[in-house]
Amino acid sequence: MGKRGETYSLSGISREIWDIKYRYRLADGTIIDRTIEDTWRRVARAAATAEPADKRQRIAEEFYNILRDFRFLPGGRVIAGAGTRRDVTLFNCFVMGDIEDSVAGIFDSLKDSALTMEAGGGIGVDFSPIRPKGAVIEKLDATAAGPVAFMDVWDAMCATIMAAGARRGAMMGVLACDHPDIEAFIHAKRKPGRLTNFNMSVLITDAFMQAVKNDIDWPLKHGGEVVKTVSARALFDAIMRSTYDHAEPGVIFIDAINRENNLYWLEHIHATNPCGEQPLPPHGACLLGSVNLTRFVRAPFTADARLDEQALCEVVRTAVRLLDNAIDISRYPLQQQRAEAHAKRRIGLGITGLADTLAMLGLRYGSAPAAEAAKGWMACIERAAYEASIELAREKGPFPLFDAERYAAAGHASRLPEELKRQIRRHGIRNALLTSIAPTGTISLLAGNVSSGIEPIFALEYIRRLRLPDGSAHEELLQDDAVRLWREMHGDAPLPEAFVTVDDLHWRDHLRMQAALQQHVDSAISKTINLPRDISFEDFRDVYIAAWEAGLKGCTTYRPNPITGAVLSPVREAAGQPHGGDAAMPASSAAPMPAAATRPEAGMQDALIPEIDLARDGCDSQACELPPPCPRPEPVADTCPQCGEPTLVHVEGCPRCLTCDYSTCG
């Protein structure tokens, strides 16, 4: 990887990722992209074709300048597809249209899903409209199969599409918490090999959480008819127990999503894309891109270390234009998706490299100062993005469904600075929603193995086995980008205490960071909270309660379990390296539901996650008081279903294989 501020050359894993995933070749194998610069030129020129002819060359150069040194990383679909002859979409994210509860309607939706996945899109599907298993179908004198049975059909479709050679897509299946088949949905993946192409989440409402708090009955209904009632707390515990044991289903706080939506007056959301960072309406689509924070650090690892916010904002403004143009140049699998994308012009601009950036600035991930710094940077990005979109509205017009008064008073937009809202009322805004923090595993590797998205550093160093298209494989020592920079500057000197990895952190550290950032993200955040193997079930459940209380839009955790867990061995620092630790949390006699649990007020709460109760949790990752050595969970990976290697880690809301790059998030 070249020096910061220069055009980058690729080496090692970064070059292999580029060559396998993003380098443009014709169908006959003819290489078009000779270098990474060719790839960036191709993307920049393609995005600039949405501009008037007399501006294209200048704007293409502006796009190239933010791409060439990895300051801005478009989503993988954009890098791989823009400016090529491939009949693929540049959009990562889709939510399918509402399923009509009939055989014809269900299979029409299946066909639309197949066409979307064939074009490279990941999809979210709400199966709640399908009547429960056993319901009478009067016209046929038969009973319904239920939504989970039809999910098996979608799963087989996905496997068939991939077997035919299409780029791997991904699926999110969701079900409402009051659907009569919710219990079958929760336990659907207990059968080995079932629904392996799905991420699964339950749509959790505030009413349900209040029912859990009050320990009252919860009606399960369909079509307005109550089919049965269950204990709300028992149902919540069933969701938690399945997630505790098997890492699924995830939880989507759907009321928070709709309450915070800039377009709540125009649409109702009841599904997300596969990794949850894009809540979308029926036929909704959104494309993604990430600003690489590490490229804006000045004087790293010194007393003068800082993040150059002015340079950051300049790149954000150009990135917004690039993503907005991508809406116009992209292909769409379905006409309804094109219409929805053009009517609202959603984009999802996020960040990557957060943990590395914090380490370079001497801030410990999960600490209050780190959360405050991250919140400030995201506020800077948010403001620059909205300003850029307002300027684009002045130049090209606002999104077609824009309503000045309703928009400025809606959801997240209502809490923007008054000057921004005044400008929106006066000039409009080009993009209805602008910010989203997505998984960036592969593009972060492309950029030199910077820390992914807003996740902590997974490991300072680790061995990665990379499988090549010809079936061969080789191993390579991977070093985190911030570690590599420290070694370049300071040789073998011990790493600063700000360097922490995922196994050093308490779950409240994760939530503190996610809650801080969500305040300036108008869509959502994809993130995994990695937990120790022996966290108690009561403490595990508290993670989700705390997430709801903090006003988050979703929560995804991963706890290693004895059935699928396998130890992944990162390369440890030499003896003497400062290394904090999170205790393997003991069982607790906690009450079933903390009395403090309450419905979150509209909007994100400035009060982040409360401090750790050492007496209960045993070890605070920031102030361990247990006798040394402090017990710490081992980093754990699962067996990858694609390559069979025990290198499937759980980050950014989805599993990703460190060997073959398999992911259920595409």
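The values are calculated or read from the model by the stated rules, or taken from the named source; none is laboratory data. Everything quoted here is computed from the prediction, not taken from an experiment. Neighbour counts are summed over all protein chains in view; Cβ atoms, including those assigned to glycine, are modelled from backbone coordinates with ideal geometry. For the accessible areas, the whole protein counts, side chains as well, though only heavy atoms, and no ligand, DNA or RNA atoms are used. Shrake-Rupley method; radii C 1.70, N 1.55, O 1.52, S 1.80 Å.
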Requested in this report: Look through LEU358, LEU323 and report the one residue that is at pLDDT 95 or above, open to solvent by less than 10 Å² (accessible area, probe 1.4 Å), part of a helix (DSSP H, G or I) and farther than 25 Å from LEU433 by Cβ.
Outcome: LEU358
**Report entry** Hits in the stretch 415-429 - residues which are in contact (Cβ under 8 Å) with a residue 40 or more places away in the chain and open to solvent by less than 20 Å² (accessible area, probe 1.4 Å)
**Finding:** ILE429
Report summary line: The condition from (1) touching a Lys or Arg at 6+ places or on another chain (Cβ under 9 Å); (2) open to solvent by less than 40 Å² (accessible area, probe 1.4 Å) that GLU405 misses is numbered (2)
Query - Filtered residue count, the stretch 47-83, keeping only those that are over 26 Å from the mean Cα position of the chain (by Cα), open to solvent by less than 10 Å² (accessible area, probe 1.4 Å) and among the small types (Gly, Ala, Ser) - result: 1
Report summary line: When the stretch 145-161 is checked residue by residue, the ones that are open to solvent by 10 Å² or more (accessible area, probe 1.4 Å) and either out of contact with any strand residue (DSSP E or B) (no Cβ under 7 Å at 6 or more places or on another chain) or aliphatic (A, V, I, L, M) (or both) are ALA145, VAL148, ALA149, PHE150, ASP152, VAL153, ALA156, MET157, ALA159, THR160, ILE161
Query - Selection count where residues are within 25 Å of LYS228 (Cβ to Cβ) and over 22 Å from the mean Cα position of the chain (by Cα), scope the stretch 106-137 - result: 11
Query raised in the report: Looking at (1) among the basic types (Lys, Arg); (2) under 30 Å from GLU488 (Cα atoms); (3) in a loop (DSSP other than H, G, I, E, B), which is the only condition ARG85 fails?
Result: (2)
Query raised in the report: What number of residues within the stretch 512-533 satisfy the criterion of being closer than 13 Å to TYR558 by Cα, touching a Lys or Arg at 6+ places or on another chain (Cβ under 9 Å) and assigned to a loop (DSSP other than H, G, I, E, B)?
Result: 3
Report task. Pick out the one residue from ILE32, ILE137 that is among the aliphatic types (A, V, I, L, M) and at pLDDT 95 or above. Result -> ILE32
Report summary line: Filtering the stretch 208-233 down to residues that are open to solvent by less than 60 Å² (accessible area, probe 1.4 Å) and among the hydrophobic types (A, V, I, L, M, F, W, C) yields PHE208, MET209, ALA211, VAL212, TRP218, LEU220, VAL230, ALA232
Query - Pick from the stretch 24-71, criterion in contact with a Phe, Trp or Tyr (Cβ under 7 Å, 6 or more places away or on another chain) and not in a helix (DSSP H, G or I), ranking: nearest to ASN449 (Cα to Cα) - result: PHE70
Requested in this report: Out of the residues in the stretch 258-278 that are under 16 Å from the mean Cα position of the chain (by Cα) and open to solvent by 10 Å² or more (accessible area, probe 1.4 Å), state the one that is nearest to ALA404 (Cα to Cα).
Outcome: GLY276
